[in-house]
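Participant: Have a look at this one.
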Amino acid sequence: MLAAFGLAVAGLATGGAGSADARDTGAPGQGHAQAQARAVPKHAVTGYWQNFNNGATVQRLSQVQDQYDIIAVAFADATGTPGKVTFNLDSAGLGGYTVAQFKADIKAKKAAGKSVIVSVGGERGAVSVNSSTAAANFATSVYALMQEYGFDGVDIDLENGLNATYMTQALKSLSQKAGPGLVLTMAPQTIDMQSTSNAYFRTALNVKDILAVVNMQYYNSGAMLGCDGKVYGQGSVDFLTALACIQLEGGLAPSQVGIGTPASPRGAGSGYVAPALVKNALDCLARGTGCGSFKPSRTYPGIRGAMTWSTNWDALNGNAWSNAVGAHVHGLP
């Protein structure tokens, strides 16, 4: 495993269009709807909103608490056409929540300065983009959902592998259609970001000029290598910081790196960490304080923030995660 690590450290991106600040001033792509560029806060909290009932609190988007800056609607659905996705609101499972109410809630969240994006993938989401045709279908269908529902962009949460060449093609095509208002996030698993040679990592680097944040899932994971070549187990500050370091030193800007953890012990099969540990990890990376045995060689005060699965599990737990982590993220330097 150590031999396979092979971390090819690229120069750390310190600016450019990959950050929301730069993206906001970019020129629109030809033919896109005249949408205003949406600024993602310097330090942002991302939460997945469940379009299904699995025992967590059933929410309408309007009930997602204010600490969340980016709300990822989980999930888009695959179709019989390669690369094409659609979205079906689970009105029955959500207590009669109508499409009209859903669209109105998206509009209201956006008016409040939030970004609402549609997530593609998930544990059971099999969406394959393995050809130029599939890439075109993906871009066209996601853009159609943005126009229909008012989504600001897309989250890539493909947990069954992806093709870096064609996913890059799809996302760049989507960017051309949507223009500078596109909010693009990714949520790879830990194994996907161990090396810059991995397809997910390559894709993130390929689209860094339009990428808002990579919120890796630091849960449901085996032990992984940190950027120092040592092995770390999930559930610790070191696991969060040493693995984030790979991305921070592997070519992503600090503003493109977020820490993803479950909102409660029931939110994932394993890997839950208390909000206090998430806060310590963020402080370690941003300020050099609160570290465990692993201490990064430098600090990254521009780190984007944190993500959780999910706003629903958070609500079931009294919003304990977002109340603690959200306030901390928004107070980072």
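Participant: Could you check the spin-label model distance between V231 and Q63? Points 7 Å from the Cα along Cα→Cβ, value in nm.
Facilitator: The answer from the label model is 4.4 nm.
Participant: If you don't mind, there's one more thing I want to ask. I'd like to know how the chain sits against the 2.2 N^0.38 Å rule of thumb: what's its Cα Rg over that expected value?
Facilitator: Details: Rg = 18.3 Å, N = 333, 2.2 N^0.38 = 20.0 Å.
Normalised by 2.2 N^0.38 Å, the Cα Rg of the chain equals 0.91.
Participant: Work out the FRET efficiency for V99 and K172 from their Cβ-Cβ distance, taking R0 = 30 Å, and round it to the nearest 0.05.
Facilitator: Values: r = 30 Å, r/R0 = 1.00.
FRET efficiency, V99 to K172: 0.50.
Participant: Once you charge only the Cβ atoms, +1 for Lys and Arg and -1 for Asp and Glu, what is the size of the charge dipole of segment 20-330 about its Cα centre, to the nearest 20 debye? Intermediate values should be presented prior to the final figure.
Facilitator: Numbers: 22 positive and 20 negative charges, 74 e Å.
Taking the Cα centre of segment 20-330 as origin, the dipole is about 360 debye.
Participant: Quote to one decimal, in nm, the extra length available between K107 and N198 on full extension: 0.36 nm per residue of separation minus the C-alpha distance between them. Don't jump to the answer; show the numbers that get you there.
Facilitator: Details: separation 91, 0.36 × 91 = 32.76 nm, distance 3.67 nm.
Full-extension gain reported as 29.1 nm.
Participant: So if R0 is 45 Å, what FRET efficiency would R266 and S132 give, r being the distance between their Cβ atoms, rounded to the nearest 0.05?
Facilitator: Details: r = 42 Å, r/R0 = 0.92.
Here the calculated transfer efficiency is 0.60.
Participant: Now a separate question. For the chain, compute the number of Lys pairs whose alpha carbons are separated by less than 19 Å, excluding pairs fewer than 8 positions apart on the same chain.
Facilitator: 12
Participant: Based on the alpha-carbon gyration tensor of segment 211-280 and its eigenvalue square roots a ≥ b ≥ c, which shape applies: rounded if a/c is under 1.5, prolate if not and a/b is larger than b/c, or oblate?
Facilitator: Working: a/c = 1.92, a/b = 1.31, b/c = 1.47.
The shape class here is oblate.
Participant: Here's a follow-up. Could you tell me the calculated FRET efficiency between S91 and S297, based on Cβ-Cβ distance and R0 = 51 angstrom, to the nearest 0.05?
Facilitator: About 0.50, to the nearest 0.05.
Participant: Calculate the spin-label point distance for E148 paired with A39, positioning each point 7 Å from the Cα along the beta-carbon direction, and give it in nanometres.
Facilitator: 3.3 nm
Participant: Next question. Rounded to the nearest angstrom and ordered from largest down, what semi-axes does the equivalent ellipsoid of segment 87-155 get from its C-alpha gyration tensor (root of 5λ)?
Facilitator: Numbers: eigenvalues 115, 49, 22 Å².
The equivalent ellipsoid of segment 87-155 has semi-axes of 24, 16, 10 Å.
Just so you know, all these numbers are worked out from the coordinates, no wet-lab data involved. Fair warning: this is a prediction, and the values are worked out from it, not measured in the lab. Neighbour counts run over all protein chains shown; Cβ positions are idealised from the backbone, glycine included.
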